[in-house]
Amino acid sequence: MSNQACGPLILALDDAAATLEQVGGKGASLARLAAAGLPVPPGFHVTTAAYRRFVEEHGLQEAILAAVSGVSIEQPAALAEASRQIAGLFAKSAMPAAIASEIRLAYAQLGAGNAPVAVRSSATAEDLPEMSFAGQQETYLNMQGEAAVLDAVKRCWASLWTARAIGYRIQHGIAPEDVSLAAVVQELVPADAAGILFTANPLTGARDQVLINAAWGLGEAVVGGLVTPDTLVVDRTSGKIIEQQINEKDVMTVRTPIGTHEEPVPADKRTQAVLNPAQAAELARIGVRIEEIYGRPLDIEWALHDGRVFILQARPITALRAPGMATSEWNDSLTSDYLWTNGNLGEAVPDVMTPCTWSLIQIFMSEATSPMFAKGIREYQPIGNIGGRFYLNLSLTATISRLFGVGQKRFQTTIEEAFGRVPEGLETPLIPASRWSVLRALLPIVVRLTRRVRTNLKQLPAFLVEAPARCEALQVQIQAASSAAELRDLWQTELGPSFRESSAMLEAATRQDRNALVMVRNNLRKLVGDADANTLLSGLSAGASPLASLGPLLGLAQVERGAIDCATFVRQYGHRSPHEFEVSLPRPAEDPDWLDRQLASLREAPVDVDTLLARQQAAQAAAWQRFQQRYPRKAAGMRRRIARAAAMFRAREATRSEVIRVFRVLRTFVLRAGELSGLGDALFFLSIDEILAVLGGDETALARVPAQRATYERYRALPPYPTLIRGHFDPFLWAADPQRRGDVFDASGNSAPASAAITGFPGAAGIIEGRARVLATFDEGEQLQPGEVLVTIVTNVGWTPLFPRAAAIVTDTGAPLSHAAIVARELGIPAVVGCGNATMRLHTGDWLRVNGEQGTVEVLKAADAA
């Protein structure tokens, strides 16, 4: 037997020999707490020696290393396949008799061989000071009986090799042969309440405050994000509650004879505070004591049973802002009193942006909206970065409109089609600039813009034909670059100019449109109302040039019926994704299993795509018949207007798709720069100009990377900000406010209160009843069951493959010409968009009536009453 497999198989929970090497990070932490006399549930360790003996006796090490050899974090499918192979090895290998015997003996001492326990994984590379592996390996709750405990231990061992854990270790340079796994077996606390305690405030970095999250039942509902817990900020010296946010807690995790499950919280406890002041003070006191043992701020899991506190886990807070730590402030709302919106931009760029992406978006916008970046105008910040998110300055747009004689009412009507409604009482402050200074800056631009747009429109058809091949060629050239200097030259001569050209082409396509579809829609609404207007404007996917926003879904349908092959689909649509502007995130084309997953999802849809399109074409024909009967003299002219507007709209969407294709190439460029420089993903935290400087030998900007990375992580931990922001906005204070709104923030305090009703724009006609599925991000899309109502903040083209599974669509952000509305109209799926706060008001499981004709959403039966 190897030395590695030698050593005790079982250790007492507080044994002095329970070191990181013997019991892993989680186990060592619990041993330290137990030895210090803290209230840790009794238990024992199954050591890393037991894991190694299991692997050695079955000869698994060589197969494990072979499975993970050569995989990369850029290949999620390969990670998943390696994990699947290793899981199979563990599943078919029996627990060695010697190990099983010692586990049985230790378990018997906990409660006559039948105590309900928690079996928690504890890896040798986890909960370390500079990284956290929280959630990387598995925990099994309420295991009861010897057989269940032995099986849980083996499953914990296998979880050392989940795809996520393999990828995380690769990212942090941890060799696979250097890791092993222990398991902690502890009596399960039948928690009345549980949660997480932070010994420093993670929202603000304040070291004199303790932040506590608390919910009813076991802590898994909090850790898993199933419930919005109470949040208490406690002064660590006095133990007094400084702030508290008591939330409605709908579900809780409870024990059952066969494990755990979620059940509704009793009605009388949902809005009741989980902790009283004395309990909060006691938790804070224990947390401070634990921090003193470790000497650094901690994230602590706790439980409460019969008034007694138990500590379940403690690990360092890895993303906490250190005192005096250099961080950037990405917050353009602090510059002046403007009204900002991400109602349209948040659809295209829903993520917190890395500094690299923000610098590229600034270049893109300077070409795609060139008048706003002319000297004399750009000083008023046409676009802004607020907490890492992309916003448009509506104050500047309103000021220019006012100077050209557009009244407030007309301005509001125009912008709501693209950006959504501005709530009553929310004022749009104007830019403090004289009419003459703005006109002097704009007039020369208007002349140049007319020539520029006219020239680019002539070249647009050829551009759309040639752009895909050009991008493929650039991908090849970038990968072939053998030196930093060669790659830098490629930017100067090929990629930079191509990027600017594609952005300018989008400006031309947009200017050609001149809001034609908006004007046609407004005219139709007056004649036939919202429902028929939306139906008449569907059919944008018909003909030889289908709508690019619907392209990935139509392409999937073509693959499914054999009209195109997989390679063709990836070539045409592999650049489109929910995060397509963010260059630090991979594209579907980088994941070989992505297409199979999308096809499998499409097959679960209640109705296939072709049938949906055919139904909508029939509905459109019926709407045209009604229009013809009511307005026989206007029908032919209206058809021509719609056809022209639709053609321009399709051209705009096709050009936007080619811009996104270039963003995929830009990602390849930064990745290659990271390879050639040896700096890896650090380059995503520099601007493109700084990356080019690094490639040229000037590494001065690298000193900013730690601060930029820390700032990015802090902002990314926050929920998406309001669609509309007026005045100075602090993302951290907003996130901590129990009364925060997701639709609007008004520093002046003058905007009207949120309506009790859930209303928005009639995105697509139809009335449907169904079960709500609230999704925060596209990554949760697999949770959407066929026939459910999809409720989310915002959608973009990357969400399109989910639509056929949904009975209806409801979004917080959006307008009549937003992605959700357009795609829902094309498929004939009822939709209500731009509701403002639907995701905060609705819950998964609510039974809803969605009226896409009137733009209303009703809760017929709440989830807890179902």
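The values are calculated or read from the model by the stated rules, or taken from the named source; none is laboratory data. Bear in mind the structure is a predicted one, so any value in this text is a computation, not a measurement. A quick note on method: Cβ atoms are made from the backbone with ideal geometry, for glycine too, and the neighbour counts reach across all protein chains shown. Just the protein is used for accessible areas: all its heavy atoms, side chains included, with ligands, DNA and RNA removed. Shrake-Rupley method; radii C 1.70, N 1.55, O 1.52, S 1.80 Å.
Residues that are of a type in the set (D, E) and within 23 Å of F499 (Cα to Cα) within the range 538-590 comprise E580, E582, E590, listed in sequence order. What do you reckon, is E417 modelled with pLDDT under 95, under 31 Å from the mean Cα position of the chain (by Cα) and open to solvent by 20 Å² or more (accessible area, probe 1.4 Å)? Answer is no for this residue. The residues in the range 801-835 that are in a loop (DSSP other than H, G, I, E, B) and not aliphatic (A, V, I, L, M) can be counted, and the count is 9.
Do we find a residue being open to solvent by 20 Å² or more (accessible area, probe 1.4 Å), modelled with pLDDT under 95 and assigned to a loop (DSSP other than H, G, I, E, B) anywhere in the range 30-37? Scanning the range 30-37 turns up at least one residue that is open to solvent by 20 Å² or more (accessible area, probe 1.4 Å), modelled with pLDDT under 95 and assigned to a loop (DSSP other than H, G, I, E, B). Within the range 671-680, the residues that satisfy the criterion of being of a type outside the set (S, T, Y) and either more than 22 Å from the chain's Cα centre (by Cα) or more than 23 Å from R500 (Cβ to Cβ) (or both) are R672, A673, G674, E675, L676, G678, L679, G680.
Listed conditions (1) modelled with pLDDT of 90 or more; (2) surrounded by fewer than 16 Cβ atoms within 10 Å (Cβ to Cβ); (3) part of a loop (DSSP other than H, G, I, E, B); (4) out of contact with any Phe, Trp or Tyr (no Cβ under 7 Å at 6 or more places or on another chain) are all met by S72, apart from (1).
Against the criterion of being aromatic (F, W, Y), modelled with pLDDT of 90 or more and either open to solvent by 30 Å² or more (accessible area, probe 1.4 Å) or not in a helix (DSSP H, G or I) (or both), F581 qualifies. With respect to the stated conditions, G219 is open to solvent by less than 20 Å² (accessible area, probe 1.4 Å), within 26 Å of the chain's Cα centre (by Cα), closer than 18 Å to E282 by Cβ and modelled with pLDDT under 90.
Any residue at all in the range 423-434 that's open to solvent by less than 40 Å² (accessible area, probe 1.4 Å), out of contact with any Cys (no Cβ under 9 Å at 6 or more places or on another chain) and not in a loop (DSSP other than H, G, I, E, B)? No, the range 423-434 has no match at all. Of the residues making up the range 674-686, those that are crowded, with 21+ Cβ neighbours inside 10 Å and touching a Phe, Trp or Tyr at 6+ places or on another chain (Cβ under 9 Å) number 2.
Mind checking whether some residue in the range 192-206 is over 30 Å from F732 (Cα atoms), part of a loop (DSSP other than H, G, I, E, B) and at pLDDT 85 or above? Among the residues of the range 192-206, at least one is over 30 Å from F732 (Cα atoms), part of a loop (DSSP other than H, G, I, E, B) and at pLDDT 85 or above, which makes the answer yes.
Counting only residues that are open to solvent by 30 Å² or more (accessible area, probe 1.4 Å) and without any contact (Cβ under 8 Å) to a residue 60 or more places away in the chain, which one in the range 176-212 is nearest to A106 (Cα to Cα)?
Just the residues of the range 176-212 that are open to solvent by 30 Å² or more (accessible area, probe 1.4 Å), to begin with: 176-178, 187, 190, 192, 198, 202-204, 207-209.
Next cut, without any contact (Cβ under 8 Å) to a residue 60 or more places away in the chain only: 178, 208-209.
On the way: D178: 28, D208: 41, Q209: 40 Å.
In this case the residue turns out to be D178.
When you check A703 against the structure, is it out of contact with any Asp or Glu (no Cβ under 9 Å at 6 or more places or on another chain), assigned to a loop (DSSP other than H, G, I, E, B) and over 17 Å from N342 (Cβ atoms), yes or no? Spell out how you get there, then give the answer.
On the way: out of contact with any Asp or Glu (no Cβ under 9 Å at 6 or more places or on another chain): yes; assigned to a loop (DSSP other than H, G, I, E, B): no; over 17 Å from N342 (Cβ atoms): yes.
When the stated conditions are applied, A703 does not pass them.
Screening the candidates R709, R656, R664 for the property of being touching a Leu at 6+ places or on another chain (Cβ under 7 Å) and either open to solvent by 40 Å² or more (accessible area, probe 1.4 Å) or modelled with pLDDT under 95 (or both) yields one hit, R656. Considering the conditions (1) surrounded by fewer than 16 Cβ atoms within 10 Å (Cβ to Cβ); (2) closer than 15 Å to N331 by Cα; (3) at pLDDT below 85, H728 is excluded by exactly one of them, (3).
Residues in the range 836-861 that are touching a strand residue (DSSP E or B) at 6+ places or on another chain (Cβ under 8 Å), farther than 10 Å from G770 by Cα and not in a strand (DSSP E or B): G836, N837, A838, T839, R841, L842, H843, T844, G852, E853, Q854, G855.
Of all residues in the range 664-703, which are of a type in the set (A, V, I, L, M) and closer than 26 Å to E472 by Cβ? Selection gives V665, L666, V670, L671, A673, L676, L683, I688, I691, L692, L695. Of all the numbered requirements in (1) surrounded by fewer than 23 Cβ atoms within 10 Å (Cβ to Cβ); (2) part of a strand (DSSP E or B), V791 misses one, and that requirement is (1). Residues in the range 591-610: is at least one free of Cβ contacts under 8 Å to residues at least 60 places away in the same chain, open to solvent by 50 Å² or more (accessible area, probe 1.4 Å) and within 30 Å of N522 (Cα to Cα)? Scanning the range 591-610, I find at least one residue that is free of Cβ contacts under 8 Å to residues at least 60 places away in the same chain, open to solvent by 50 Å² or more (accessible area, probe 1.4 Å) and within 30 Å of N522 (Cα to Cα), so the answer is yes. Contact annotation: residue pairs with Cβ atoms under 7 Å, 6 or more positions apart or on different chains, pairing a residue in the range 364-375 that is in contact (Cβ under 8 Å) with a residue 24 or more places away in the chain and over 19 Å from V659 (Cα atoms) with a partner that is among the basic types (K, R) and surrounded by fewer than 18 Cβ atoms within 10 Å (Cβ to Cβ), are M372/R378. Figure legend. Inter-residue proximity from the range 554-566: first residues among the acidic types (D, E), second residues part of a loop (DSSP other than H, G, I, E, B), beta-carbon distance below 9 Å, spacing 6+ or different chains. Indicated pairs: E560/D608. In the set (1) farther than 25 Å from L599 by Cβ; (2) not in a loop (DSSP other than H, G, I, E, B), G798 fails one condition alone, (1).
Please work out which residue is farthest from G855 (Cα to Cα), limiting yourself to the range 741-777 and to residues that are assigned to a strand (DSSP E or B) and open to solvent by 40 Å² or more (accessible area, probe 1.4 Å). Once the filter is applied, the top-ranked residue is F745. Of the set (1) without any contact (Cβ under 8 Å) to a residue 60 or more places away in the chain; (2) under 28 Å from R521 (Cα atoms); (3) open to solvent by less than 40 Å² (accessible area, probe 1.4 Å), all apply to A623 but (1).
In the list F649, F684, which residue meets the criterion of being part of a helix (DSSP H, G or I), in contact (Cβ under 8 Å) with a residue 24 or more places away in the chain and touching an Asp or Glu at 6+ places or on another chain (Cβ under 7 Å)?
Working: F684 fails: touching an Asp or Glu at 6+ places or on another chain (Cβ under 7 Å).
One residue alone meets the criteria, F649.
Taking every residue in the range 294-319 that is outside any strand (DSSP E or B) and pairing it with any residue that is among the small types (G, A, S) and open to solvent by 20 Å² or more (accessible area, probe 1.4 Å), at least 6 positions away or on another chain, the pairs with Cβ-Cβ distances below 7 Å are T318/S132; A319/A717.
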